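Every number in this text was worked out from the coordinates using simple rules, so none of it is lab data. Note that the structure is predicted; figures quoted are calculated from it, not measured. We place every Cβ from the backbone using ideal geometry, glycine too, and count neighbours over all the protein chains shown.
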Amino acid sequence: MRITAFLDIPGQDNLAPLARLEKYAFSDNIFNRQIIARGLLDVFRDFSHNEEDYLTVMAIVARLSEDTEPTVRTELMEQIPPIAIFLQESRPNFPMAFSEYLMPIVVKYLTDPNNQVRKASQDSLLILLEQGIVAQHDVENKVCPILLDLSAPDSDDEYKVEAVNIICKMSSIVNKSIVERLLLPRFCELCSDGKLFQVRKVCAANFGDICSAVGQEATEKNLIPKFFELCSDSVWGMRKACAECFMAVSYTISPEVRRNKLSPLFISLISDPCRWVRQAAFQSLGPFISTFANPSSAGLYIREDGTLSIRPSSPCPAGKNASNVPSSLEEPMENKLEIFTEKSSVNCTPRSETSSSGAHEESSAIHVNFGVDQTILNQSYHARPFVTKDIKDCEINSYQEMNSGVQSADDVFNTFLYWRPPLPDISQDLELLQCKTDIREESCSVSDVLCNNCVASSEIKKVLQSLQEHIDDPDVQAQVQVLSAALRAAHLDSVSDYDVKQNEEVNDDHKEDVPILDPDPSTVNESNLSSLPSQEEVINPPTPSIIKSVELEEQQNGTNKDLGADESEPPLEEDKSKLQDIIPQPLLDQYLSMTDPARAQTVDTEIAKHCAYSLPGVALTLGRQNWHCLKDTYETLASDVQWKVRRTLAFSIHELAVILGDQLTAADLVPIFNGFLKDLDEVRIGILKHLYDFLKLLHADKRREYLYQLQEFVVTDNSRNWRFRYELAEQLILVLELYNPNDVYDYLRHIALTLCSDKVSEVRWISFRLVVAILQKFYVNNANSLGLNFINELIVRFRHCSKWVGRQAFAFICQAVVEEECMPVDHFVEHLLPSLLSLASDPVPNVRVLLAKALRQTLLEKAYFRSVGNPHLEAVEETVLVLQTDRDQDVSFFATIKPKCNNVQITLLEKQN
C-alpha cells in the first residue's frame, strides 16, 4: 500500500489531488508533513507524466524543505536520492529540474543546524555523486564552494570535521581535475591543522584514497610531505592511522620514492614508542612489502580474477633487459651458491649464482642494481658475461671493462666465485703483479662513488638516535635490539681477514690498497673488526656513540659496504641467507622478527597470524629465488602453538606452491603439508578446501604418495562436522583427473562409497555425484572392466540395500549417469537399466518418486530412448505407465508431468518467433 494513498480517497474535502497534497504538506500537524515527505516518491510516480503537475510537485518539495521541524527535513532528504534516480529514468529534462529544485536543498542541508539533517544530507550527496546524477558544473559551483567554506580555518569544529570527511569520500568519485584544483589544496591545509586533531585524524585515515584520486605526480609533490608530518604527529592516533593506510599510499608513488622515502618512514613507525602504532605498523608491514612486487622479477602476475599465473620465460638477447625470470631460478635453491648484495641507490653490485660443483653447473645470473632498477640476465656455461647499458648516475670507468665482456670467467681468478682462495698458481700470481698498478689507480675514483652505499645503515642509525630518549621503555629496548643487530650484521659482512691483518700492522695514517681481481675491478678498504660497537654499547649507549663510531668509520674508510667484493671470508651463513635485493633489507628484517615470541608480548598477541596472512604476498614480492629468506620463518609459523596461525598457512599453501614452483614445493612445502594433514580439523579444512590446487602442482610420483593419506580426511575430530566431509567429496571430484583409473579404483573408490553411507543427506547427495564422476573416469579412459566391476558393486550395495535410502540413491545415480552421459548407452541398458526398472515395485514411495523422475524427466528425453524400434523403449514406457497409476499421489504426479526444460525451450522459441 502506498504511503500517500489517503490522497486518492474521493469525497474527503472536495479537493483535487494536488490541492489535497499541498494542504497536507503545509498542515499544522507535524505527522501529516512527515507522511508527505516520506511518500514523495509515490507522489512523483503519480504526477510525473504531466509536465504541469510535475513542476507543481517540485515547487511543493522546495517549500517543504523550509519546514521548521528537523524530522520533516530529515524525511525529505532521505527521499531525494530515490526520487532523483526515478526521475532520471523517466524524464528526459530531469537534469535541469534537479539542478534547479533538488540540488539546492542538498547543499543547503549541509549547513543545517540539526546534526541528523546534516548527516542525511551528506549521505544523500554521496549517493547522488556515485550515481552520476550531479553535473560537473554543480560540483564545481555548488558543492565544492560550500565544502571549502565549511572547512575554512575559522569554521566551526564540528562542521570542519564533517566537511573534510565528505571531501575525502567524494575525492574518489568526482573528476580528477576538480580534486586537484579545488579540494587538494584545502586537504593539504587540513593535514596541518594544529587546532583540532580530529581533522588531522580524518585526513590520515583517508590519505590513501586521496593519493589514489590525484595520481602519482600530485601525490609525490603535495601529499608526501604532509604524510611525513602526519607520521610524526604528537598524537599516537594519527600515526596509527598513517600506518594503516601505508599500503594505499605506497601503491600510488614511484618505486624510487617508495624505497628511498617511505621505507625509512615505515621503519620509524615500526619503532614507535606507542604500542598501538607498532601494532598497526606490523599489521601493514606485509601489505607494504607487497607493493615492491615486480612481475618481471617474480615470474608471476595476478590475473583479473585474482588468481596467480606463471609468466612464461623467454630467452633474453645480450644487451637487453630481461623481463622474465631466468631459467636458472627453476633449479633447486639448495644446489646453488648464491651471494646476495645489499642494494643501494648508487651502488653497482654484481651477483652471481654458481653451483657448488662445477660439473653440474647449468646456468647463472648477474644482477646489476642501480637504485630501484634491476636487470636480470642469463648466461649459460662458458658464455661470456654481459650486462645491460641501462646505467644511470653512475660514472665508473672500471665498469666499462665488464660491459665489454672481453675476459672469460674461467681465465682470471675471481674471489667472488669462491668461498676460500684456491691452491696457489704461478700464473695467477703473475697476473696479480701485472694488474696491481692499474687497479690501484682505478680504486681512487671508484671509492669516491661507492662511499654512498649505506642508505639503509644510515636510516637505522637515525631511528636508533630517535629512540635514545625512550631507552628505559622495555618495548623500545626490544626495538633497539633488532635494529642494532641489523646494523651490526651490516658491519660484520664487510670485514675481511685481510683487512684485520693490515690494520694491525699499519697505523691510521698509512693505508694500503687491497687488489681484487673481479668483474668489478674496484678496490674496497674496510675497517678493523675492533672498531665495531659491541652489543652492549648498541643496546645501552650512554651517548649517541653508535652513530658517531659508524660515521667515523665510514669517513676513515671512504668505501662501500659491498658483500662479496673482498677476499675475506663470507658472512655467517645465517646472516647471508636473509639477504636479498628486492626490498629494503630493514623491512625484511622487521618482517622476519614478527615470529619472535617477544613481539607477542610487546606488540600484539596475534602478530604471528598477521605474519602468516601476508607471507604469500611477501614471497611473491621476493620471488622464488629469494625463498631462502622466508624458509625459516615459514617453518616457524607452521609449528606455531596457535592453531589460527597454522590455519592461515593451510589456507594459503596452494598459492605459495604456485609462487615457489614444483621443486621448492616438493622440498619445503610438502613436509609442512604432511604435518597439516594430521593437525586439528580447523587447520585441515584449509588444505582440504584447496587440495586439488596443491596436488596438481606436484609431480606424479609425489602426488601418488597421498592416495592412501586421503582416507584420513574421512575421520574428523567431531562427527557432527559434516561440512568437512562435504568438502572432501567436492575436492575428490576434482582430484580424479590427477590419477589413473587403477589408482582411482584402488583408493578413491572406497572413500566415495564410505561417504555415500554418511548420516547427513547433503554429504550423501554430493557423494553420489562423486560416484558418477568415478564411473565416467573409467569409461573415458577405456577402463571398461573397472567400470563394470564398479557397476556391479553399486548394484549390490545400493539396489539390494535393505534400507530405502540406499535404493533411492541407486535411482539417483542412474539418473545422473544418463544426464552426464558418462558411459555408453548400450552399457547402461545392459547393466543398469534392468535393476533400475525393478524399483517400480519398491514398497517405499520415496524410491518410486525418484524412479519416476529418472524415467520421465531424463531417460525418455534422450534421443536413444525416443527412437522408433528401440527394444528398450517398450520396457521403459510400461514402467512409466505403472507409475502413473501408482496409488501414491506424488509418484503418479512425477510420472505424468512433463520436464520443465522442454517447457522452457518452447517458451524461448515462442519469444524468438
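A few comments on the model shown:
- Computed from phi, the 3J(HN,Hα) profile of the stretch 829-836 under the Karplus parametrisation 6.51, -1.76, 1.60 (θ = phi - 60°) reads 5, 7, 10, 10, 4, x, 5, 5 Hz, with x in place of Gly and Pro.
- For the listed peptides 149-159, 852-862, a ranking on the average number of other beta carbons within 10 Å per residue, highest first, reads 852-862, 149-159.
- Inter-part distance where the stretch 189-241 and the stretch 265-292 are each reduced to a Cα centre, Å: 16
- Table column - 3J(HN,Hα) (Hz), the stretch 229-245, Karplus curve with 6.51, -1.76, 1.60, x for Gly and Pro: 5, 5, 5, 10, 5, 6, 8, 5, x, 5, 5, 5, 5, 5, 5, 6, 9
- In order along the stretch 712-728, phi translates into HN-Hα couplings of 5, 5, 5, 8, 10, 5, 10, 5, 6, 7, 6, 5, 5, 6, 5, 5, 4 Hz, rounded to whole numbers, per the Karplus curve 6.51 cos²θ - 1.76 cosθ + 1.60 with θ = phi - 60° and x for Gly and Pro.
- With N counted as the residues of the stretch 122-189, its alpha-carbon radius of gyration over 2.2 N^0.38 Å works out to 1.03.
- Between the stretch 632-692 and the stretch 827-898, the Cα center-to-center distance that results, in Å: 49
- Shape analysis of the stretch 738-854 places it in the oblate category; the axes a ≥ b ≥ c from the Cα gyration tensor give an a/c of at least 1.5, with a/b not above b/c.
- For the residue pairs K696/K853; K160/K221; K160/K609; K644/K678; K108/K240; K119/K142, the C-alpha atoms sit more than 27 angstrom apart in K696/K853; K160/K609; K108/K240.
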